[in-house]
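Here's the structure we're looking at; comments come further down.
The values are calculated or read from the model by the stated rules, or taken from the named source; none is laboratory data. Worth saying up front: this structure is predicted, and the values here are computed from it rather than measured. Cβ placement follows ideal geometry from the backbone for every residue including glycine, while neighbour counts extend to all protein chains displayed.
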Amino acid sequence: MATMGIALASLFGAFALAKSIGGEFVPEPDLSEIGVKFQTPAGSSLEYTQQKVLQVDAIIRQYPEVLASYATINTGMNVGKDHAGIRVKLKPKSQRQRSQKELTSDMRRRLSQVAGITLTSVAAAKEAVSGGLKPIMLSVQGEDLEELRKISDQIVTGMHKIPGLVDIETSLLAPKPTVAVNINREQASDLGLSVGKLGATLRPLLAGDDVTTWQDARGENYDVNVQLPRTERQTVSDLGNLPIASGVMDQATGSPNMITLGQVVQIAETKGAAQINRRNLFREVMIQANVEGRPAGDIGADIKRLQDTIKLPPGYRFQTEGQNKDMAESIGYAGSALLLAVIFIYMLLGSQFNSFLHPVSIMTSLPLSLIGVFAALFLFGSTLNIFSIIGIIMLMGLVTKNAILIVDFINVAVKNGEDRTTAILNAGRTRLRPILMTTAAMVMGMVPLALGLGEGAEQRAPMAHAIIGGVVTSTLLTLIVVPVVYTYLDDLKQFTFRLFRRSH
């Protein structure tokens, strides 16, 4: 009874310890690449953005761990002359003193002090460059863009107070400077001008029109674009003086009367939405952030509590995206796989031992393995993620083999007329060596993976941590707990059999 009490206390202690482990979808691997994304003020010229790229790149190249860098402007999902990204190649992990996470944190601190830019992401290159998604993503959906702006501002303000959240940004970009052309429809109608005709006239003058192609001496073809000179379209007054052919004909010459654009339109400088996103027929504001120093799962729980404090108007909603959504789905699938594994193991053991009770004693080793899983993840500083969950599922088949060896030996000995207590003691002595040998082989095979020595090995190491911890603790506890549970269940079986015989 004391043995069972200690085992149960250890199991409950392990579940309490699991709250200190933290969760995330996939750990960030050290692949010796960092991606930097930033943007200059809305409406910035390509030349200004290029100057800032050179300034940021000069700071990055000061790090002795940096081998090379590659900068791009207006590429991939980073569309716009004010969006830039830099991919940074680091020395191999074995040749530098600081880890990729340490360098990322230090770069973020230094680059955030550069004037004239807004730093949007400093993270592993696969996440930060070419529009890669951040681990924390929250979608705010509704109809009115201004209402979405208010809600997203509340969320962003609250997210800045959550420890571990960095590089917070929203899809609501700063308004772009635009020129509004308001047509006086009555005046335009009197002059025989329609909205379509005005647009068709302005488009080639301002945006340009490809009229033909030109071939150079090497055979390369280039589009020839006809457009007003830049000097004639710099100010609002320049646009108002553009000549346009009206729809009223000159009686003397038979040609259209020429007017200026300012006679039929009012031109004003204003600001317009830089980008409008939609999801599921609703307007959307996407809030994204990177994590630093805390698992994404723990931060996701804090964000969920923040969401609960905000009262949304009717027709508006939050939708979790990114790693936390993937993790929730993966845990659901893993739970189903784990349940099916337990059911199939029980069915196979029941058919093998021709009993409903003996499989229960064997399967007590399954929850006992969780003690080592959570303890190992805590000691190694790992998290509960997709790889450690895979390790737990693998354990379901590994840990039952030790209990099968013991229970099978006891059953055969008892069937041959041996006393149950003697059979249990002999089973422990006889099966101890093969159990320890198989456990040692499994642990030694997982040690290289657990140490995470190779490039990106940190991502897969939690699987080895879970397997090592689960195998070691289940081996030790199985040798003690399984025989005790077997004894209780066998006594229950004998007691039930005696009651059945007395009733008949």
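Given the structure, is L368 crowded, with 21+ Cβ neighbours inside 10 Å and in the same structural domain as A18 (by TED's automatic domain parsing)?
yes
Going by the structure shown, is D326 more than 13 Å from the chain's Cα centre (by Cα) and of a type in the set (D, E)? Against the criterion (more than 13 Å from the chain's Cα centre (by Cα) and of a type in the set (D, E)), D326 does not qualify. Within region 294-306, residues that are more than 16 Å from F318 (Cα to Cα) reach partners that are part of a helix (DSSP H, G or I) with beta carbons closer than 7 Å, at six or more positions or on different chains, in the pairs A296/Q323; A296/N324; G297/N324; G297/M327. Here S255 does not qualify as surrounded by 13 or more Cβ atoms within 10 Å (Cβ to Cβ) and of a type in the set (S, T, N, Q).
Where in region 285-396 are the helices (runs of 4 or more DSSP H), entirely inside, with at least 1 residues that are within 18 Å of E28 (Cβ to Cβ)?
Working: elements: 296-308, 322-353, 358-363, 365-380.
It comes to 296-308, 322-353, 365-380.
Across region 263-294, the number of residues qualifying as surrounded by 15 or more Cβ atoms within 10 Å (Cβ to Cβ) and within 22 Å of E186 (Cα to Cα) comes to 3.
Suppose the filter is of a type in the set (S, T, Y) and either surrounded by 11 or more Cβ atoms within 10 Å (Cβ to Cβ) or not in a strand (DSSP E or B) (or both); does T213 pass it? Spelling it out, it is not the case that T213 is of a type in the set (S, T, Y) and either surrounded by 11 or more Cβ atoms within 10 Å (Cβ to Cβ) or not in a strand (DSSP E or B) (or both). L173 meets the conditions (1) surrounded by fewer than 17 Cβ atoms within 10 Å (Cβ to Cβ); (2) at pLDDT 80 or above; (3) of a type outside the set (S, T, Y) in every case but one. The failed one is (2). Considering only residues in region 17-73 that are basic (K, R) and in a loop (DSSP other than H, G, I, E, B), the one that is modelled with the highest pLDDT turns out to be R61. Taking region 355-393 as the range and being touching a Gly at 6+ places or on another chain (Cβ under 9 Å) and either of a type in the set (D, E, K, R) or farther than 20 Å from K19 by Cβ (or both) as the test, the residues that pass are F356, H358, P359. Looking at region 295-323, which of the residues that are within 24 Å of S382 (Cα to Cα) and small (G, A, S) is surrounded by the fewest Cβ atoms within 10 Å (Cβ to Cβ)? Filtering region 295-323 for residues that are within 24 Å of S382 (Cα to Cα) and small (G, A, S), the one surrounded by the fewest Cβ atoms within 10 Å (Cβ to Cβ) comes out as A301.
Here's a check for you: in region 232-247, which residue that is farther than 12 Å from L198 by Cα, of a type outside the set (D, E, K, R) and out of contact with any Asp or Glu (no Cβ under 8 Å at 6 or more places or on another chain) is surrounded by the most Cβ atoms within 10 Å (Cβ to Cβ)? Show your work before the answer.
At the first step, the residues of region 232-247 found to be farther than 12 Å from L198 by Cα are 232-241.
Okay, now just the ones that are also of a type outside the set (D, E, K, R), so 234-237, 239-241.
Pick out the ones that are also out of contact with any Asp or Glu (no Cβ under 8 Å at 6 or more places or on another chain) and you get 234-235, 237, 239-241.
Details: Q234: 10, T235: 12, S237: 9, L239: 21, G240: 15, N241: 11.
Checking each candidate, the answer is L239.
The listed residues are F409, F356, and the only one of them that is within 18 Å of T439 (Cβ to Cβ) and free of Cβ contacts under 8 Å to residues at least 40 places away in the same chain turns out to be F409.
Of everything in region 74-117 that is among the hydroxyl-bearing types (S, T, Y) and part of a helix (DSSP H, G or I), the residue that is surrounded by the fewest Cβ atoms within 10 Å (Cβ to Cβ) is S94.
Could you list, in sequence order, all residues of region 239-289 that are among the acidic types (D, E) and modelled with pLDDT under 75? Lay out the reasoning, then the answer.
Start the filter on region 239-289 by keeping residues that are among the acidic types (D, E), which leaves 250, 269, 284.
Passing the criteria: only D250.
So that you can scan it fast, the table gives a plain yes or no per residue for (1) of a type in the set (S, T, Y); (2) in a strand (DSSP E or B):
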site: A217; (1), (2): no, no
site: T253; (1), (2): yes, no
site: N257; (1), (2): no, yes
site: R278; (1), (2): no, yes
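Conditions tested, residue by residue: (1) acidic (D, E); (2) assigned by TED's automatic domain parsing to the domain that holds L198.
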| position | (1), (2) |
| --- | --- |
| V226 | no, yes |
| T231 | no, yes |
| T235 | no, yes |
| D250 | yes, yes |
| G297 | no, no |
| I303 | no, no |
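Residues are listed down the side, and each one gets a yes or a no for (1) surrounded by fewer than 18 Cβ atoms within 10 Å (Cβ to Cβ); (2) among the basic types (K, R); (3) closer than 26 Å to A440 by Cβ:
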site: H358; (1), (2), (3): no, no, no
site: G372; (1), (2), (3): no, no, yes
site: L398; (1), (2), (3): no, no, yes
site: V407; (1), (2), (3): no, no, yes
site: V412; (1), (2), (3): yes, no, yes
site: G417; (1), (2), (3): yes, no, no
site: I424; (1), (2), (3): no, no, yes
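Please go through region 23-64 and pick out each residue that is among the charged types (D, E, K, R) and buried (at least 19 other Cβ atoms within 10 Å of the Cβ). If the condition is that a residue be among the charged types (D, E, K, R) and buried (at least 19 other Cβ atoms within 10 Å of the Cβ), then E24, E28, D30, K37, K52 are the ones that fit.
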